[in-house]
1. Rounded to the nearest 5, what is the percent of antiparallel bridges among the DSSP beta bridges in the chain?
2. Taking residue 70 as the anchor, which lysines have their alpha carbon closer than 19 Å to its alpha carbon, excluding any fewer than eight residues away along the same chain?
3. Test of understanding: in a Gaussian network model of the chain with alpha carbons linked when under 10 Å, which of 195, 118, 132 would top the mean-square fluctuation ranking?
4. In whole Hz and in residue order, list the ³J(HN,Hα) couplings for region 76-84 that follow from phi through the Karplus curve 6.51 cos²θ - 1.76 cosθ + 1.60, θ = phi - 60°; x for Gly and Pro.
5. Please list, in chain and number order, the residues 5+ apart from residue 17 or on another chain whose amide H is under 5 Å from its amide H, with Hs placed from the backbone.
6. Along the charge dipole of the chain, Cβ charges K/R +1 and D/E -1, which of 158, 188, 41 sits furthest on the positive end?
7. Using the Karplus curve 6.51 cos²θ - 1.76 cosθ + 1.60 with θ = phi - 60°, what ³J(HN,Hα) values do you get for each residue of region 163-171, in whole Hz, with x for Gly and Pro?
8. Within 13 Å, Cβ to Cβ, of residue 17, how many net charges do the neighbouring residues add up to if Lys/Arg are +1 and Asp/Glu are -1?
Amino acid sequence: MITVSNVSVNFSGTPLFSDVNLKLTDNNCYGIIGANGAGKSTFLKVLSGDLEPTKGEVIIPENTRMSVLKQDHFAFDEYTVVDTVIYGNKKLYDIMKEKDAIYMKEDFSDEDGIRASELEAEFAEMNGWEAESDASKLIQGLGLSEEILYSQMSSLTGNEKVKVLLAQALFGNPQIILLDEPTNNLDIKAIAWLEDFILDYEGTVIVVSHDRHFLNTVCTHMIDIDYNKIKMYVGNYEFWYESSQLIQAMIKQQNKRQRKR
């Protein structure tokens with residue numbers, strides 16, 4: 001699904017990470033770990049296309065829909081909650097709004113009728129008639145009341161906005177989901193619901209998180225950013241941790257033998 005080929009990122013000539021080669025596939029959840037400042041969020045931005053790598057490329061098949069958890073909690077203040085969630089599938093959102101605008105015209109022309117018919121066909125093909133109920137299920141799963149569906153985002157608390165933006169990232173069955181610290185400000189029930197969602201999800205999930213329990217539950221692979229290198233390990237957080245401790249112990253033992261020699 002995603003091929004990372006010889007990717008390097010430098011800032012002012014200083015390498016953040018170099019010569020990264022990875023393949024990220026369907027039905028897997030990849031947890032990105034590393035020390036603060038190692039480049040976890042930067043690597044996520046490279047994968048999403050928000051940041052061009054200094055060298056190399058990220059290859060994603062055409063017509064693959066990627067969804068990214070938004071970090072700007074004020075970006076959708078002028079939208080309703082339901083529109084914010086549906087915006088997660090931008091193409092569907094645009095079709096819905098264009099269709100509504102045509103029907104609101106007072107001077108509805110033949111051309112408008114033809115265009116509306118085309119939009120209705122696309123809307124139905126994309127399961128647009130289930131969009132509002134799907135949005136409702138997502139926000140209720142995250143512990144919000146469906147009564148806020150038609151509220152303005154600006155009227156919500158910070159924690160409520162976090163949940164709505166997370167619902168936006170999960171909406172509409174994207175093939176790839178990128179999540180940067182998705183459990184921040186979530187309660188235990190919402191985290192458990194998100195874990196179940198990811199475990200059932202058939203696409204590719206890539207997540208940055210400091211929540212070890214969360215990573216241990218959902219991840220099939222760990223991507224470790226350390227010493228300007230990015231390495232991938234099969235297994236969850238606990239498996240990676242035990243493996244890394246074993247490797248460190250082996251290195252110490254080898255160094256000890258070399259000093260003896």
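Each reported figure results from applying straightforward, stated rules to the coordinates on display, with no laboratory input. Please read all numbers here as calculations on a predicted model, not as lab measurements. When we count neighbours, we look across all protein chains shown, and the Cβ atoms used for this are built from the backbone with ideal geometry, even at glycine.
1. Approximately 50 percent, going by the DSSP bridge assignments.
2. 40, 45, 90, 91, 161, 163
3. Among 195, 118, 132, the largest GNM mean-square fluctuation belongs to 118.
4. Values, residue by residue: 10, 4, 8, 9, 7, 4, 5, 5, 4 Hz.
5. Sorted by chain and number, the residues that satisfy this are 9.
6. 41
7. Karplus-based 3J(HN,Hα) across region 163-171 equals 5, 5, 5, 5, 4, 4, 5, 8, 6 Hz.
8. That works out to +2.
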